[in-house]
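Worksheet: one structure, shown below.
The values are calculated or read from the model by the stated rules, or taken from the named source; none is laboratory data. Since this is a predicted model, take the numbers as computed values, not measurements. Note: ideal-geometry Cβ built from the backbone for every residue, glycine included; neighbour counts use all protein chains shown. The accessibility values were calculated without ligands, DNA or RNA, using every heavy atom of the protein model including side chains. Shrake-Rupley method; radii C 1.70, N 1.55, O 1.52, S 1.80 Å.
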Amino acid sequence: MLLLRSVLFNTAFYLNTIARMIVLSPIYFVMPRKPAYAIPKAWAASCNWLMAKIVGATFEIEGLENVPEGGCIFAPKHQSAWDTVALLPYQRDPVYILKRELMWIPLFGWYAAKQKMIPVNRGARGKVMIEVMKRTREEMAAGRQLIIYPEGTRRAPGAEPEYRYGIARIYRDVKVPVVPVVAHWGLFWGRRKLIKHPGHFKVRILPAIQPGMDPDAFYAHLIDVLEKASDELLVETVKANPHLPLPPTAVKRLAELKAQSAD
């Protein structure tokens, strides 16, 4: 049944995505940017609905009151393709810094360009990065929410962290609050995994880290906050979903946490 549900979900996910892009494009591209965001927002909500109805995976969000009213940076732990989509219905006006190659994908790239996403050549330096930071400051000044994954890429639940310093530089330069976010999406929709697993879990939005800290101190604090909250939520999520097959990284981390608590 897991295989059948997963295949049905994957089929429905891609058909839903392609159909919405094609059918709604004439409306999307003639609308002003902000009202047009309702279309990708509704698409993201429909993806969450498909996960709930076909797979049986649902989530609840704690801490929405911690999101500032103006411009801010979301700093989520990144485990799954799902976490790039699932929170869009709860974000007012998000903006991503993304690989420029993604902007070349037909329809997807055009949708992203419409929402003024910020493309970057990852190997670029100098003037290109200056322009990226200029664009980032402009979008923050407009009250948008910048989504940055501090580890840069997806990591399995419980995996040893590998944070990148780039978020500290952006924090220093744009001077807006940073909102840490943790959830264990990867236990339900794993990286490069066909099988999706049912269950219920929490997404935890933590109190914002205010601007003004020394970048090194901010970087150390962000890692500490995210890792402690992630460990706590891993234990909670596994306890609430004992049926889940755990990846080796999660098994190892849970054993370490159990040993620590016994000391």
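Counting just the residues of the range 1-17 that are more than 27 Å from GLN145 (Cβ to Cβ) and of a type in the set (Val, Ile, Thr), which one comes out surrounded by the most Cβ atoms within 10 Å (Cβ to Cβ)? Within the range 1-17, the match that is surrounded by the most Cβ atoms within 10 Å (Cβ to Cβ) is VAL7. Could you give me the residue pairs with C-beta distances under 7 Å whose first residue belongs to the range 92-103 and is among the acidic types (Asp, Glu), whose second residue is in a helix (DSSP H, G or I) wherever it lies, and which are 6+ apart or on separate chains? Filtered contacts from the range 92-103: ASP93/LYS34.
The residue that is nearest to PRO207 (Cα to Cα), among those in the range 69-88 that are open to solvent by 30 Å² or more (accessible area, probe 1.4 Å) and not hydroxyl-bearing (Ser, Thr, Tyr), is GLU69. Checking the stated criteria, LEU88 turns out to be at pLDDT 90 or above and among the hydrophobic types (A, V, I, L, M, F, W, C).
Looking at ALA36, ALA45, just one residue is open to solvent by 30 Å² or more (accessible area, probe 1.4 Å), in contact (Cβ under 8 Å) with a residue 24 or more places away in the chain, among the aliphatic types (A, V, I, L, M) and out of contact with any Gly (no Cβ under 8 Å at 6 or more places or on another chain), and that residue is ALA45. For PRO207, the stated conditions hold: it is assigned to a loop (DSSP other than H, G, I, E, B), at pLDDT 95 or above and in contact with a helix residue (DSSP H, G or I) (Cβ under 6 Å, 6 or more places away or on another chain). Only residues that are under 16 Å from LYS202 (Cα atoms) and of a type in the set (Gly, Ala, Ser): list them for the range 43-68, please. Listed by number, the residues that qualify are ALA52, GLY56, ALA57, GLY63.
Filtered by the rule that a residue be surrounded by 17 or more Cβ atoms within 10 Å (Cβ to Cβ) and not in a loop (DSSP other than H, G, I, E, B), the range 154-178 gives ILE167, ALA168, ILE170, TYR171, VAL174, VAL178. Which of the residues belonging to the range 109-153 are at pLDDT 90 or above, within 30 Å of LEU254 (Cβ to Cβ) and part of a loop (DSSP other than H, G, I, E, B)? Scanning the range 109-153 gives ILE148, TYR149, PRO150, GLU151.
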